[in-house]
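The values are calculated or read from the model by the stated rules, or taken from the named source; none is laboratory data. Predicted model, so just to flag it, every value in this text is computed and none were measured. Please note that ligands, DNA and RNA were not included when accessible areas were found on the heavy atoms of the full protein model with its side chains. Shrake-Rupley method; radii C 1.70, N 1.55, O 1.52, S 1.80 Å.
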Amino acid sequence: MIETLSAALPDRIERLTATLLERADAAGVMLATAESCTGGMLASLLTDVDGYGHVFDRGFVVYSEAAKCQLLGLAPEQVDRCGAVSRPVAVAMAEGALAASDAQITLAITGFAGPGAPDDEPGLVHFACARDGRETGHREEHFGDIGRGEVRVACLGVALEMMIAALDA
C-alpha cells in the first residue's frame, strides 16, 4: 500500500492513513498539513497511497518561526509571546493552513522532537486540527525523550487520528 515509507512505519500508521484517505475521498474533502517538527512526514505519508492524490491539497513545512509567519500568517508577536511550541501557535498554524489552501481539513504539528534549548521538553508536541465551519481542535502530547524518529512517528499516529475524528464530526 504505502511504498515509500512502509518499511519504517508501524502497520497501524498505514491502516490509519488508508482509513483517512478513503473517508476523505468518500466525503469529498481535501486535506492539507502545516508541519514543523515532523518536517513534512505527514504530507509525504498522505501522498504515498495510490489513487488518492486528489484528496491532498498541499503541505506547509514551516520549521522556522519566520516560515510560520510568512506562509501561514502568524503574527511574529504571537510566536514570541507564546513560543513556537504552544497551543496558540498550533491553532494559528492549522487555521492559517486552512486559509491558505483549498482544503476543508488541516492538521498542524509543532513540537520538540528531540533535545533543544535547556528549557525545551523533548517529546512535547502540540497538534491542531481545523475544519471549515467548526472549532479548531487541539491536543498536547508528552512523548518523552524517546528519540527524534520515534517522536516523529508517534506524531503521525496522533495527526491521523485527529484528522479522522474531524471527518467524523
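Which Rg and Dmax, in Å, describe the Cα atoms of region 77-151?
Spelled out, the Cα radius of gyration and Dmax of region 77-151 are 13.1, 39 Å.
Take the solvent-accessible surface of the protein heavy atoms, probe 1.4 Å, and return the percent of it on region 1-154 that carbon and sulfur atoms account for. Kindly include the intermediate steps, with their values, before the conclusion.
Details: 3450 of 7110 Å².
Answer for region 1-154 is 49 percent, counting heavy atoms of protein chains only.
Please compute the length gained on full extension between Arg87 and Leu71, using 0.36 nm multiplied by the number of residues separating them and subtracting their Cα-Cα distance. Display every interim value, and only then the final one.
Details: separation 16, 0.36 × 16 = 5.76 nm, distance 1.84 nm.
3.9 nm is the gain from fully extending Arg87 to Leu71.
What residue among Thr106, Thr17, Thr47 has the largest mean-square fluctuation in a Gaussian network model of the chain, using Cα springs under 10 Å?
Thr47
Viscosity 0.692 mPa s, temperature 37 °C: give me the Stokes-Einstein translational D for region 18-169 in µm²/s, with Rh taken as the Kirkwood radius over C-alpha pairs.
Numbers: Rh = 15.1 Å.
Result for D is 218 µm²/s.
Specify the residue with the greatest mean-square fluctuation among Glu135, Glu14, Glu22, computed from a Gaussian network of the chain linking alpha-carbon atoms under 10 Å apart.
Greatest mean-square fluctuation among the candidates belongs to Glu135.
In the Gaussian network model of the chain, springs joining C-alpha atoms below 10 Å, which of Cys155, Cys82, Cys69 carries the largest mean-square fluctuation?
So, out of Cys155, Cys82, Cys69, the one fluctuating most is Cys82.
Residue-wise, which Karplus ³J(HN,Hα) couplings in Hz belong to region 68-84, taking 6.51 cos²θ - 1.76 cosθ + 1.60, θ = phi - 60°, and x for glycine or proline?
4, 6, 5, 8, 10, x, 5, 7, x, 5, 5, 5, 5, 6, 8, x, 5
May I ask you to rank Arg87, Arg131 by accessible area, largest first, using a 1.4 Å probe over the protein chains only?
Numbers: Arg87 125, Arg131 50 Å².
Ranking Arg87, Arg131 by accessible area, largest first, yields Arg87, Arg131.
In terms of solvent-accessible area of protein heavy atoms at a 1.4 angstrom probe, what is the ranking of Arg58, Arg134, highest value first? Can you show the working numbers first?
Numbers: Arg58 85, Arg134 115 Å².
In descending accessible area the options line up as Arg134, Arg58.
Of all DSSP beta bridges in region 1-127, what percent run antiparallel (nearest 5)? Could the numbers behind the result be given before it?
Working: 4 of 14 bridges.
Taking every DSSP beta bridge within region 1-127, about 30 percent pair in antiparallel fashion.
Using the heavy atoms of the protein chains and a 1.4 angstrom probe, tell me the accessible area per residue for the chain in square angstrom. Could the numbers behind the result be given before it?
Values: 7500 Å² over 169 residues.
Solvent-accessible surface per residue comes out at 44 Å².
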